[in-house]
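Single-structure report; data block below.
The values are calculated or read from the model by the stated rules, or taken from the named source; none is laboratory data. Bear in mind the structure is a predicted one, so any value in this text is a computation, not a measurement. Here the Cβ positions follow ideal geometry from the backbone for every residue, glycine too, while neighbour counts run over all protein chains shown. Note: areas computed on protein heavy atoms with side chains; ligands, DNA, RNA excluded. Shrake-Rupley method; radii C 1.70, N 1.55, O 1.52, S 1.80 Å.
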Amino acid sequence: MTTTRRTLLLAGAGALAAPALAVAQSRDAIRIGAVGPYSGNAAAFGISMREAIDLVVDQRNRAGGLLGRRIEVMHGDDAGRPEEAANISRRFASRDRVSLVLGSVSSPASLAAAQVLRDEEVAQITISATAQRITRQGNPWVFRSAVPDRKLVSDLVDFIAEKHPTHRRFGFLYVNDDFGKGGFDSFVEFGRARGFSITAEERYSRGDIDFTAQLTRIRASQPDAMIDWSRYAEGALILRQARQVQLGLQIYGSDGVAPPAYLELAGEAANGVIYATHFSPATASGAEAERFMAAIRQAYNKPADMTHAQAFDAATIACDAILRARSADRQPVRDAIRQTDFNSVRGPFRYDQFGDPTLVTHVVRIVNGRETNARA
Amino acid sequence: MNASRRDWTIAFAGIGFAALLPFLAPDGFVMHLMTSVAIAAMLALGLQMLLGVSGQLSIGQAAFFGLGAYGAALMTKEAGLPFLLALPLAGVIGGIASLAMVPITRLRGPYLAVATLGFSIMVYLVLKNEEWATGGSYGLIGIPRPELFGFRLRDPMLWYWFCAAVAALTYVGMLLLQTSRFGRALHAVRQNEDAARASGLRVTLLKSQCFVISAVVSGMAGALFAHHLRYLNPNDFTFWKSIEILIMVVIGGVGSLAGAVLGAAVVVVLPELLRVVGDYRMLVFGAMLVAVMLVGEGGLAGIIGGLWRRAAALLRRPRPALRSAAE
C-alpha cells in the first residue's frame, strides 16, 4: 500500500514538472497559438481545423520557415467552453508569447478569447465562428476566416428566391443557441424582403436526439419547404426522422452540416438536401483549391471539408502576414493581416473594414451521398 | 482547542503564501490562473459550508454562481454601479435566490441533491433564453474592468490580490463561523439530525441559514468571475460547473476548509498542467481523481494530514533509540 502511494505521488510530481520542460525546448521559433474544440461535441470541426493548420505550418517549415525561423504551433483544446478559451488565450498571450492566435470554432468561445486577446493586444483570426457581432465590437485585433452568418443566410435566401420561386412559406427548425438563433433571425430579416413567411418556428436544445414532435408540428403547419439550422450530429438525426414521419418537404440546411460526418450519419436520408456552405469540393475552382484538396488527401487520406478550408486560409494569412511585416511582433503582424489580399482556396480574399472576408458563399445539393453545385 | 489553533496556523500560512505568490511567479498567465483559483476557492468554501459542515449535498451551486455573475455584470455594465457595490449586491442576489430553496431544506440526501439540480437547470435556461437581459446564447459582452475608488485594476497582479483577499476573508469568516455556537449546532445537525432536533435545535432554520450563506458566497464569486473574464456565457454555468465544485470539495476533503481551497487549486490548475498530454488530458485528470479517492476517503486534506502524522511519528521515534544507545 505504501509503495503504491509513493508511486502515485511520484507520478504526480512528474506530471507537474513536464510542462516546464516543454516550454524550455524552443526559444527561437515563431509561435502561433491555435485554440479550438479538439474534444467535446464540436470536435469534428476542431480536428479538421488542427489538421489544416498543421499542414500549412509543416509545408512552410519544410521550405525553411519564416524569416529564417521555424514556426511552432501551440494547440489548446477549449472543448467548446468559453471559459477554457479565455484561459488558453491568456496563456498564449502572456506565457507562450505567441505572435497571433488562430481560433476558435464556436462563436461564444471566440468571443471569450477575443475579450482576452484585445486586452493583451494580440491579433486573432477566428476559424468557423459566424456570429456577426464578433467583428462589430470595435475590436481592431479580431479577424475572421469564415463569412458571417448574415451574409451566408442572405445568399441562401437569394438562392431560394431565384432557383425555387415556389418555396415561399417555411417551417424553420433550429438549435437553440447562438448559432441557430443567429440563422433564424437573419433568415426572417432577409426573407421578409423577398416576401417569405414562417409557418412554424421550432427549436431544440443542443444534444437532443428526438425531433419527431417538432417535425410533426412543422408538417401540420403546411409550409412549402423546411429550413433546418443545425450542426451535423443533430442535423443527421433530423434527416432520418423527417423520413420516418414522412415530412415530404425540401430541406434547406446551414453551414453547420458541412462536416462530412453529416453525410456519413444521415446516409440515404441526406439525398436532396440543399445547404449553404463556405467551401465544397463540388464548387471549388482554381489552382489554389486544387492544390489544397490534393494536399489534404495526401496528408490525411480524406476529402477536404469546409473547416479544413477555413483553417488552411487562416494559417496562410498568418504566415504571409509575418512575412510581409518582416517581423513576428504583434502590432506589425496585425497591421499586415489587415492588408491581406491573395488567392485563397475559397477564391480572392480581402478584409473589409470590420475584419470580415469578402468571399462568395456556395450552395450545394446532395446527390447520391455527395455534394454537387446547386447553383449549376 | 488545539485543533482550532492548528486551523488558524494553516489559514495564516495559506494567506501569507497567497499574498507573496505574485513575487514568486510574476507572470501574467500564473496570475490569471491563480485569480481563477481564488474564485473557485470561494465556490468550494460555499459548498463545504453545506456539505462538510451541515451535511447537505447540493449539485446546483452553479445556479447561485451564475446569478451573481450576471447580476454583477448587468449592474456595472448597464446600470453603471461601482464594482465595489456590485460585489456585495451579487451576494445578496445569490442569497435571495437561495430563499427559494428554503422549502426543500427539509429534504435529505439524494432528494435534496436532485432538487438543487432542478433549480440550477432552471437558472441555466433563464440565463440562456432571457435575451433582453442576459444576451442569451451569444453571451454578455463588454463587461467593464473592475474599478476600486475610481482606480482601474488593470494590472493582473492587483486584480489577483483583490480576489485573493476576498477569498481569504471568506475563509476566515467561515473558520469563525465553524467554531461558533452556530457552527457547533450545524455539526450536531450533520451528525444526527433527529438527535439535534430532540435537543431543541431548530434544524430547518439552521439548514436554511446554511443555504443562504453558501449562496451569498457563491454569488460574490460570480461577481469576481464576471469581471475576471469580462465575458459571460450560459455554457459556463451548466450542470458541469456544479459537478466541478463538488469535485473540488470531495477531492480536497469533505469537512476541511483548507481542503476545499486545495481542491479548488487542483481542479483549476491540474487540467492546465495536463495540457502537455494533449488529447488524453481529461482522461488522465479523471484517472487522477479516481486515484486520490482510492488512496484516502478524506481527500487531499486527509492524505496530507496522514503524511503529517506519520512524519511527526518518525521524528518522535528516534528519541528512545538514542536513549538506549546512551545507556
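Straight-distance candidates among the lysines for linking to B:K241, with alpha-carbon spacing under 25 Å and chain neighbours fewer than 8 residues away dropped: A:K181, B:K77, B:K128, B:K207. Our summary gives chain B a relative contact order of 31 percent, counting only alpha carbon pairs under 8 angstrom and 6 or more residues apart.
Using a 1.4 Å probe over protein heavy atoms, the accessible area lost on pairing B with A, summed over both chains, comes to approximately 3500 Å².
Specify whether the C-alpha gyration tensor of segment B:1-76 places it in the rounded, prolate or oblate class, a ≥ b ≥ c being the square roots of the eigenvalues: rounded for a/c under 1.5, otherwise prolate if a/b is larger than b/c and oblate if not. It is oblate, given that a/c is not under 1.5 and a/b is not larger than b/c.
Projected label points at B:R152 and B:A287, each 7 Å from Cα along the beta carbon direction, are separated by 4.6 nanometres. For segment B:2-326, dividing the convex hull volume of the Cα atoms by the residue count gives 173 Å³ per residue.
Using the alpha-carbon atoms, what tilt in degrees (0 to 90, nearest 10) does helix B:203-229 show relative to the longest principal axis of chain B? Taking Cα atoms only, the helix is inclined about 70 degrees. Annotation: amide H of A:G253 within the under-5 Å range of A:D228, A:I274, A:Y275, A:A276, sequence separation 5 or more or interchain, hydrogens built in the peptide plane.
So which GluC sites (Glu not before Pro) in segment B:234-310 pass both tests, a DSSP loop state and at most 14 other Cβ atoms within 10 Å of the Cβ? Sparse-neighbourhood loop GluC sites (Glu not before Pro): B:E297.
If you count the DSSP beta bridges with both ends in chain A, what percent of them are antiparallel, to the nearest 5? Roughly 30 percent of the beta bridges in chain A run antiparallel, per DSSP.
For every other residue with a beta carbon closer than 10 angstrom to the beta carbon of A:R194, add +1 if it is Lys or Arg and -1 if Asp or Glu, then tell me the sum. Net of charged neighbours comes to 0. Here segment A:234-367 is assigned +1 on the Cβ of each Lys and Arg and -1 on the Cβ of each Asp and Glu. Its dipole about the Cα centre then comes out at about 100 debye. For helix B:156-179, report the angle its Cα long axis makes with the longest principal axis of the Cα atoms of chain B; keep it between 0 and 90° and round to the nearest 10°. It works out to around 60 degrees. An oblate overall shape is assigned to segment B:183-327, the ratio a/c of its alpha-carbon gyration tensor axes (a ≥ b ≥ c) being 1.5 or greater and a/b not exceeding b/c.
In whole percents, the pair-distance distribution calculated for chain A from its alpha-carbon pairs, binned every 10 Å from zero, is 5, 24, 31, 22, 12, 5, 1, 0.
Between A:N301 and A:Q137, what FRET efficiency comes out of the Förster formula 1/(1 + (r/R0)^6) with R0 = 45 Å and r the beta carbon distance, rounded to 0.05? About 0.65, to the nearest 0.05.
Placing unit charges on the Cβ atoms only, positive for Lys and Arg and negative for Asp and Glu, gives segment A:125-231 a dipole magnitude near 200 debye about its Cα centre. The angle between the Cα long axis of helix A:232-244 and the main principal axis of chain A comes to about 20°, on a 0 to 90 degree scale.
Only protein atoms count toward the accessible area here, which uses a 1.4 Å probe; on the protein assembly as shown, the carbon and sulfur part of that area reaches 59 percent. When A:R50, B:R310 are compared by accessible surface with a 1.4 Å probe, the order from highest to lowest is B:R310, A:R50. For segment B:94-147, the set of GluC sites (Glu not before Pro) satisfying both a DSSP loop assignment and a count of at most 15 other C-beta atoms within 10 Å is given as B:E130.
Farthest towards the positive end of the charge dipole of the protein assembly as shown, among the residues A:N343, A:S107, A:Q298, is the Cα of A:S107, using unit charges on the Cβ of Lys, Arg, Asp and Glu. Computed about the Cα centre, the dipole magnitude for the protein assembly as shown is approximately 1860 debye when only Lys and Arg (+1) and Asp and Glu (-1) carry charge, each at its Cβ. Here each label is just a point 7 Å from Cα along the line to Cβ, and for A:V245 and B:A195 those points are 5.8 nm apart. Taking 7 Å steps out from each Cα toward its Cβ at B:A311 and B:L107 produces label points 4.3 nm apart.
Probing with 1.4 Å while keeping every protein chain in the model, the per residue accessible area of chain B equals 45 Å².
With an a/c value under 1.5 for the gyration tensor axes a ≥ b ≥ c computed over the alpha-carbon atoms, segment A:150-277 is described as rounded.
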